[in-house]
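Peer 1: The structure's right below; bear with me while I get my questions together.
Please treat every number below as a calculation from the coordinates, not as lab data. Here the structure is a predicted model, which is why all the values come from computation and not from measurement. Reconstructed Cβ throughout: ideal geometry from the backbone, glycine too, with neighbour counts over all protein chains shown.
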Amino acid sequence: MKRIALLTLAVLPLLAAGPEWKPMFDGKTLNGWTVCNGKAPYTVEGNMIVGATVEGSPNSFLCTDREYGDFVLEFETKTTAPLNSGVQIRSHRYPQDATGRIFNGKEMVERKFPAGRVYGYQIEVSDDDRGVSGGVYDEARRGWISRPEPGSKGARAYKNGDWNHYRIEAYGDRIRVWVNGIQTTDLRDPMDQSGFIGLQVHSFKGPHPTKVYWRNVRIQDLGKHVWTRIWDGKTLNGWRHQGGGVFTVENGAIVGRTKDGDERAGYVVSEAAWSDMTLRMKFRIPKGNSGVFVRTDPSNMASYEVEVDSIRRTGGFWETGPGGRTWVTGPEDNAAVNKEGWSELTAALYGHSITFHVNGHQTMHLPYDSIGRTYGVIGLQAHGAKNPTEVWFKDIEILVPEK
């Protein structure tokens, strides 16, 4: 078995030695920045960038002209109550009018977004008592994806009406945030690996304009991560069939089907094995039950399994094989799965932290699964004759630092 070790470099941004800090604001002009959306004016006052509200304006953003991937970003900010603000990272603009499918917590719903609308990760800055500053809001896309635990130190880290120091570390699919030295976010999310940085002035209605201030904005550029294929899309080279079922390559996809009369589950199993990784692929399952096996022992198929089912529980977590815990946790429905066409699945496994997403929506997260598995191959499953199955997989990739 070929072993592949992925160096996550999770501690790299915390090392004293690292890339040079570079200021993102020259203290005099807004060169290198462009206002996107809205009518809020951005000006330079002393050593500060200042954004002011305009009644009737939608959210406004002062955006960097260049994009960043992996980085450490630091700044100080304060707002005039009760203004809500934030800092966009790895963000983009819709190139044309778009209709997105958004998971509202119960089902997928459609929302419309105009061309040019800024969207992406927003690190919250909120001068109020909700305790959400330092959380991550997915602007004009999925909404809240991470908030400080109510009542925690993180929820109390932001000082209303005063200067607040933010530190944001984005490395691969991990985003961490500190406010005034207190951690408020530690998130695994695979949606975007690069994009621009933006300073928000939120829409506002009040008796007089209000302002948000930023100063000492600086960044360490750490390169970026990219998705790389681990299946060639044409053959089963590097993979082997195991057990029952029939597996073929059709139209750029691995297709698994139950073999008539054969009750054994079937698998295609990678020759390479991994420990820490983020895995991504597209799938569709017209009928039956399947799964994506990770950290798998191919001798007995003991594994973590990301559930893939035509009816329910897709994106949930099974542990299979001798001594496995069977069903561990996850959704009971298929609300995050597209009803037609392809869906996207990701599995992020780092040490004992395990996170699954379906179509960008987190379906399972175990921050510390201390009794679990730490290494193995990848397997794609099709169930046996008791549950006739047809399942398709394509675009199988892992996330790695760009060379």
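Peer 1: I want to make sure I understand the PRE zone here: with the label point 7 angstrom from the Cα of residue 21 toward its beta carbon, which residues in region 46-82 have backbone N atoms less than 15 Å away?
Peer 2: Flagged as within label range: 72-77.
Peer 1: Continuing with this model, one more query. Run the reach check for residue 205 against aspartates and glutamates, Cα to Cα strictly under 15 Å, same-chain hits fewer than 8 apart removed. What comes back?
Peer 2: Leaving aside aspartates and glutamates fewer than 8 places away in the same chain, those within reach of residue 205 are 55.
Peer 1: Counting alpha carbon pairs within less than 8 Å and at least 6 residues apart, what relative contact order, in whole percent, applies to the chain?
Peer 2: So the answer I get is 18 percent.
Peer 1: Continuing with this model, one more query. Calculate the radius of gyration of the Cα atoms of region 20-221 to one decimal place, then report Dmax, the largest Cα-Cα distance, as a whole number, both in Å.
Peer 2: 15.9, 48
Peer 1: Spelling out what I want: for every residue of region 206-213, take phi, set θ = phi - 60°, compute 6.51 cos²θ - 1.76 cosθ + 1.60 (Karplus), and round to whole Hz; glycine and proline get x.
Peer 2: Result, rounded to whole Hz: x, x, 8, x, 10, 9, 10, 10.
Peer 1: Let a ≥ b ≥ c be the square roots of the eigenvalues of the Cα gyration tensor of region 228-401; is it rounded (a/c under 1.5), or, if not, prolate (a/b larger than b/c) or oblate?
Peer 2: rounded
Peer 1: Shifting gears a bit: Calculate one ³J(HN,Hα) per residue across region 226-236 by plugging θ = phi - 60° into the Karplus curve 6.51 cos²θ - 1.76 cosθ + 1.60, and present them in order as whole Hz with x for glycine and proline.
Peer 2: 9, 8, 10, 5, 10, 9, 6, x, 10, 10, 9
Peer 1: For region 212-308, would you read off the P(r) tail past 21 Å as a percentage of all alpha carbon pairs?
Peer 2: Here the tail beyond 21 Å accounts for 45 percent of pairs.
Peer 1: So what are the ³J(HN,Hα) numbers for region 121-138, from phi and the Karplus equation (6.51, -1.76, 1.60; θ = phi - 60°), rounded to whole Hz, Gly and Pro as x?
Peer 2: 4, 10, 8, 6, 10, 9, 8, 7, 9, 6, x, 9, 4, x, x, 10, 10, 8
Peer 1: In region 307-360, what is the volume of the convex hull around the alpha carbon atoms, normalised per residue and reported in Å³?
Peer 2: Convex hull volume per residue, Cα atoms: 89 Å³.
Peer 1: For region 304-366, with only Lys/Arg (+1) and Asp/Glu (-1) charged at the beta-carbon, what is the dipole magnitude about the Cα centre, in debye rounded to 20?
Peer 2: 100 debye
Peer 1: Give, in nm to one decimal, the length gained when the segment between residue 112 and residue 160 is fully stretched (0.36 nm per residue of separation minus the Cα-Cα distance).
Peer 2: 13.9 nm
Peer 1: Now a separate question. Would you grab the residues whose amide H sits under 5 Å from the one on residue 132? Only those 5+ places off in sequence or on another chain, please, with H modelled 1.01 Å from N.
Peer 2: Excluding prolines and chain starts, which carry no amide H, there are no hits.
Peer 1: Ranking 271, 390 by Cβ neighbours within 10 Å, fewest first, what do you get?
Peer 2: Lowest to highest Cβ neighbour count: 271, 390.
Peer 1: Also: With a ≥ b ≥ c the root eigenvalues of the C-alpha gyration tensor of region 185-241, is it rounded (a/c under 1.5), prolate (a/b larger than b/c) or oblate?
Peer 2: Prolate shape, in that a/c is at least 1.5 and a/b is the bigger ratio.
Peer 1: Here's another thing I want to ask about it. Calculate I(q)/I(0) for the chain by the Debye formula, one identical point scatterer on each C-alpha and no solvent, and give its log10 at q = 0.07, 0.12, 0.13 Å⁻¹ to two decimals.
Peer 2: -0.37, -0.96, -1.09
Peer 1: Tell me which residues come under 5 Å, amide H to amide H, from residue 86 once H is placed; ignore anything under 5 positions away on its chain.
Peer 2: 125, 200
Peer 1: Taking neighbour Cβ counts within 10 Å as the exposure measure, how do 370, 126, 310 sort from fewest upward?
Peer 2: 370, 310, 126
Peer 1: Would you mind checking the pairs 259/287; 259/394; 282/386; 153/224; 39/112 and listing those with alpha carbons more than 23 angstrom apart?
Peer 2: Listed pairs above 23 Å: 282/386; 153/224.
Peer 1: Can you work out the FRET efficiency for the pair residue 144 and residue 232, with r the C-beta to C-beta distance and R0 = 60 Å, to the nearest 0.05?
Peer 2: The value I calculate is 0.95.
Peer 1: With the crude spin-label approximation of a point 7 Å out along Cα→Cβ, what separation in nm comes out for residue 221 versus residue 395?
Peer 2: About 2.8 nm separates the two model spin labels.
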